[in-house]
Every structure is written in structure tokens, then in C-alpha cells.
Amino acid sequence: MNNDLLKKLKDWRTDEAQKEGVDLFRVLPNAALETIASLEPKTKAELMSVKGIKERKFNKYGLSILALVKGDLEVDPIGNKTQMRMFAISNEVAENNNKIQEANGKNEKPYTISAYLNFLNAEFRRYGARVQGEVSSLDIRDGYLFFSLKDKDNESVLSCFMWKNNYELSGVALEIGLEVVAEGFPEIYAPSGRFNLRVSAVELVGEGALKKAYDALKQKLEKEGLFSAERKKPIPEFPQKIGLITSETGAVIHDFLNNLGKYGYRVSFFNSRVEGQIAARNLLSAIKYFDGKDIDVLVIIRGGGSLESLQAFNNETLVRRIADFKIPVICGIGHDKDVPLMSLIVDRAVSTPTAAAVLLNKSWEKIVNDISVIEKDLIYQYQEALGLTARRFELFSGNLARFFNDIFQVFEKLRRTVGNNLSKIAYEIKDKRKALFLFSEFFLDILKREFENKDKMLDDKEKQLRFFDPARQLKLGYSIISVSGKVVKTVNQIKVGEKLDIKISDGNIKSVVSDINQ
């Protein structure tokens with residue numbers, strides 16, 4: 001991929017989008033630009049093969065794209081005047097005219113009016129310019145306006161067309177006799193065939209007119225309370241995620257980044273024009289980009305300038321958009337005399353980009369200094385505590401030595417006492433052991449005799465049990481009579497006709513009572 005060509009294509013697309021007042025993708029999407037930068041098409045057929053480019057797109061942008069690829073067309077980078085420069089214009093116009101004549105000669109088929117006008121307008125779009133003149137007529141309608149510019153020195157007149165949104169964004173109230181600079185490109189309006197300048201932005205001319213418009217808008221916004229301190233949001237302490245809007249060219253961005261401290265900042269950058277009224281559209285796109293982004297603070301910076309060069313920062317639409325921005329905004333814009341309205345409406349304004357970086361560093365530097373002081377205090381307190389502990393340890397060591405000395409003396413005395421009494425203790429143990437032996441023999445003898453007596457008693461009881469054993473009685477001829485499981489001890493327990501169970505030594509007998517005698 002040709003990265004240089006891709007950058008030129010993106011700059012060209014930005015310029016076209018601003019002129020038309022549309023989003024970038026409405027001109028051409030990123031994918032189409034990347035394909036063009038890769039293929040580098042040289043003909044209409046090659047360019048038409050790119051996805052996203054049809055006949056209508058080619059008629060509108062095709063010749064400009066092919067000229068960019070060939071290197072015949074160059075777009076000024078963002079930050080300078082917004083116009084396109086054409087090299088060898090007269091030669092190329094002649095060459096294109098020859099091509100038209102050759103095509104007509106070969107095909108013998110004339111162009112339709114619309115096709116020819118489309119061709120001319122595609123060519124005209126390449127010759128954007130800034131034109132200065134006095135408003136001589138003005139016709140404002142619902143979505144657009146027509147006006148005419150004339151030279152002050154002669155009767156030359158240029159008809160102009162402008163979309164209403166571009167007009168409102170410019171922040172200039174046109175009126176007859178007002179001298180302005182109109183930026184745009186020439187075109188032929190197909191419905192009427194009238195040649196005019198398609199204007200994308202207008203600027204006031206002269207410090208007097210600019211100062212008058214500046215004072216009027218400042219007074220208007222001040223009455224609405226937009227400059228009041230109550231509505232300003234505090235700048236957060238220890239910011240890390242920074243949104244940055246400025247031009248990628250020049251020293252401003254380097255001054256800012258070089259003065260940011262090494263505190264882990266994450267900077268999201270949006271490259272924007274910052275010069276003249278036309279920069280307002282770029283700045284609005286940048287604000288829209290950061291709306292909803294995860295940032296802690298938004299920073300807008302540019303170098304010093306006159307009231308004329310700072311017109312974009314006095315644009316009402318832009319200033320109101322900043323007032324409604326939910327994230328705190330820091331503005332670092334240099335100025336000669338009058339403070340830009342953006343600086344009055346942001347949450348914190350400083351005079352230079354370097355001062356903006358210093359402001360962001362402030363809370364970080366304070367905490368670093370505080371930590372340094374705390375560190376020194378901690379070291380001092382630690383040294384004091386360590387010294388006190390050392391003194392206490394020394395005192396404790398002395399006390400501990402004396403304590404152990406006393407312990408050793410006690411143990412020595414105890415050792416001598418134990419030594420003197422060991423023989424006495426041994427004798428007493430021997431005597432007690434002998435007495436215990438004699439007692440145990442005596443106790444065992446008593447226990448033995450007691451067991452013998454109990455054994456004889458058990459034998460006698462066993463003999464008695466055997467004598468009275470019912471089985472023995474049954475063997476002697478006796479029997480046991482029971483009725484319903486109960487032993488019969490008297491005739492009163494039975495009745496005539498009842499069944500009796502008679503148990504004898506070798507079995508049972510079932511019988512029935514037939515008679516009872518008492």
C-alpha cells in the first residue's frame with residue numbers, strides 16, 4: 001500500500017467533506033481509499049473497479065482521485081489555507097479538451113447536457129479558492145442561500161451558493177456591503193446553467209468587522225450566563241486519559257507533549273485545523289469524536305494569533321458545543337488582545353499549550369512533593385524509633401543478664417539442696433518399698449483365704465440348688481400340673497371339663513378334669 005498516497009487521499013476527502021458539509025464516509029469510506037492506495041488506478045475503468053465507486057461517484061470525484069494518483073494534484077495539509085493547488089493547469093485543461101474532441105470525433109455522439117456539466121463540475125472542483133469581495137446581493141432560504149460578491153474597485157461580480165448549515169457554522173451574519181472572504185469551488189448549477197462559487201465557509205475581513213462581531217457575540221453569551229464560574233466543571237486531580245485537539249503540524253503539539261510529565265498519561269489525539277473560520281468545522285468534528293469517549297479531560301491548544309486567525313475559536317456553534325460538553329475542557333490558546341470566546345467558556349483557560357501541560361501536571365507534582373516530604377518524615381520517625389528501641393534493648397539486655405544470674409544462683413542452691421537430700425530420699429524410698437512388699441504379701445494372703453471361703457460357699461449353694469431342682473423331683477415320681485400356662489397349686493384353680501397339662505420327668509400328659517374331690 002502507498003501510505004503517502006493514502007494520506008493525500010484522506011486529506012483530500014477531509015477537504016471535500018468540509019466543502020459539502022457532510023461526514024467523511026459520505027465522500028468515500030476508508031476501505032475505498034485503502035484500495036485506491038493499493039491499486040493506484042490510472043484509468044476510469046481501473047478506478048470504477050474499486051468497491052464504493054460507481055458512475056455517480058466517478059463523475060463527482062473521479063478526475064480528482066486520478067490526478068492525486070498521478071501526482072498532478074496536491075492537497076495542502078491541515079493547518080494551512082484550505083485550497084487545492086493544480087500544477088500545469090492550462091496544459092491539463094487543453095489535454096482534457098483534446099480528449100473530449102477526440103471522443104466526439106471517434107464516437108460521433110455528443111455529450112448530454114447533464115453529462116457535460118458533470119464533467120465540467122468534476123474539473124472545477126479541483127480549483128478551490130478563497131475569494132474576497134463585498135456582498136452585493138443576498139437571498140436566504142430554508143436550507144440554503146444565494147449571494148453575490150463584487151470587487152470594490154470594479155464591477156466584477158461572482159454568484160455564490162451556500163448550504164444553510166455551512167452558513168450557520170461560519171458564524172457570520174451576511175448583509176449587503178459587508179466585505180468577506182468566501183472559500184469554495186466553482187460549479188455550474190445544472191437547473192439554470194448559472195456559474196457560481198459553491199461556498200463552504202465565509203470569514204469577515206478586517207479587524208474592525210471581526211471586533212464588532214466578537215463583541216456582539218461575547219455580550220450575547222455573557223447575558224446567557226455561559227461565562228459564569230458556577231457552570232464550570234472542576235479539572236479532575238491526577239488525570240490520566242487526555243483528549244487532545246490541535247494541528248499535527250507546527251511546534252504547538254510538541255511543546256505540549258514535551259512538557260507533560262512522566263505520569264502515565266494516555267493521550268488520544270485528533271488532528272484538526274486551527275487557523276481561520278474554516279477550522280470551526282474540523283474542531284466540531286473533533287468535539288463530536290471525543291463526545292462519549294473514555295477521557296478524563298479534553299485539551300484544545302494552538303499558538304498565538306490575531307483576531308482574524310482565531311475566528312474559529314469565536315464561532316458561536318463551536319462555543320456552544322463546548323459549553324455542553326460533559327467532560328472538563330482545558331483551552332490553551334495564545335492571543336494578542338481579545339481573549340477568544342472559547343477560552344472564556346471552557347472550564348479552565350491558560351495562555352499557552354505549555355501552560356496547559358503544566359496545569360495537568362500540577363496535581364501529580366503536588367502528590368510527588370507530598371510523598372517526598374512524607375518519605376523524609378517517615379525516615380526521621382523510623383530513625384527515632386530505631387534509636388529508642390536500641391536504648392530499650394540495651395536496658396533490657398542488662399536486666400536480662402541480671403535475671404539469668406539470679407536464676408543460675410537459685411539453680412545452684414537447689415542443686416546443692418537436692419544433692420544433700422538425695423541419700424535421705426533413697427533411704428526413705430528403700431524403706432517404703434520394703435514396707436510395701438510386706439503389706440502386699442499380707443494383703444494377698446487375706447485375699448486368698450477370702451477366695452477359698454467364697455468357693456466353699458458356692459459349692460454348698462450348688463448342692464442346695466441341685467437338691468431342690470424340679471427335674472430331680474420329677475424323677476422321684478412327682479409331677480407338675482398346669483392349666484392355661486399356670487401351675488396348679490390348689491383344686492380351687494380348676495373346673496370340671498378343663499384341660500390339664502401334666503409334666504413328668506420324661507414327657508407331658510394331656511388330660512381332662514372329670515371330677516374334683518376336696
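Nothing in this text is a laboratory measurement; each read-out follows from the coordinates by a stated rule. All values reported here derive from a predicted model rather than from experimental measurement. When we count neighbours, we look across all protein chains shown, and the Cβ atoms used for this are built from the backbone with ideal geometry, even at glycine.
Expressed as a fraction of 2.2 N^0.38 Å, the rule-of-thumb size for a compact globular protein of N residues, what is the C-alpha radius of gyration of segment 473-512?
Scaled against compact globular proteins, the figure is 1.15.
Can you give the helix-only mean residue ellipticity at 222 nm for the chain, where every DSSP H stretch with n ≥ 4 adds -39500 (n - 2.57) and the sum goes over all residues, rounded to the nearest 500 deg cm²/dmol?
Helices in the chain give a 222 nm mean residue ellipticity of -16500 deg cm²/dmol.
Need the full-extension length gain, PHE269 to ASP377, defined as separation in residues times 0.36 nm minus the C-alpha distance. One decimal, nm.
34.8 nm
Suppose R0 equals 22 Å; then what is the FRET efficiency for ASP515 and GLN493 from their Cβ-Cβ distance, rounded to the nearest 0.05?
0.90
What angle do you read, to the nearest 10 degrees and between 0 and 90, between the alpha-carbon axis of helix 113-124 and the longest principal axis of the chain?
With rounding to tens, the tilt is 80 degrees.
Suppose a student asked you for the relative contact order of the chain, using Cα pairs under 8 Å spaced at least 6 residues apart; what percent would you report?
Here the relative contact order equals 8 percent.
Can you sort TRP12, TRP163 from fewest to most other Cβ atoms within 10 Å of each residue's own Cβ?
Least to most surrounded, the residues fall as TRP163, TRP12.
Once the piece of chain linking LEU438 and ILE502 is laid out straight, how much longer is it, given 0.36 nm per residue of separation minus the C-alpha distance between them?
Computed gain between LEU438 and ILE502 is 16.7 nm.
With axes computed from alpha carbons, what is the tilt in degrees of helix 207-223 against the longest principal axis of the chain, rounded to the nearest 10 within 0 to 90?
Long axis of 207-223 versus the principal axis of the chain: about 30 degrees.
Please report the orientation-averaged projected area of segment 237-461, defined via the convex hull of its C-alpha atoms, in nm².
Mean projected area of the Cα convex hull: 35.5 nm².
Note the full-extension length gain between LYS241 and PHE467 as 0.36 nm times their separation in residues minus their Cα-Cα distance, in nm to one decimal.
Contour length minus the Cα-Cα distance gives 69.9 nm.
Mind checking segment 261-306 for chymotrypsin sites (Phe, Trp or Tyr not before Pro) that DSSP puts in a loop (not H, G, I, E or B) and that have at most 12 other Cβ atoms within 10 Å?
Here no loop site has a sparse enough neighbourhood.
Mind checking which lysines have their C-alpha under 25 Å from LYS362, skipping anything on the same chain fewer than 8 residues away?
Cα-Cα hits under 25 Å: LYS232, LYS233, LYS241, LYS262, LYS293, LYS326, LYS376.
Quick check: convex hull of the Cα atoms in the chain, volume per residue, rounded to a whole Å³?
624 Å³
Along each of the three principal axes of the Cα atoms of segment 129-205, give the extent in whole Å, ordering the values from largest to smallest.
Extents along the principal axes: 31, 27, 21 Å.
From the Cα gyration tensor of segment 212-291, with a ≥ b ≥ c the square roots of its eigenvalues, which class applies: rounded if a/c is under 1.5, or else prolate if a/b is larger than b/c, or else oblate?
oblate
Which of the lysines could be linked to LYS8 by a straight reach, that is with a Cα gap under 25 Å, when you skip same-chain ones fewer than 8 residues away?
The reachable lysines, counting only those whose Cα sits under 25 Å from LYS8, are LYS19, LYS42, LYS44, LYS51, LYS54, LYS57, LYS60, LYS70, LYS81, LYS288.
Any aspartates and glutamates with Cα under 16 Å of the LYS366 Cα? List them, leaving off those in the same chain fewer than 8 positions away.
Those aspartates and glutamates meeting the cut-off are GLU237, GLU375.
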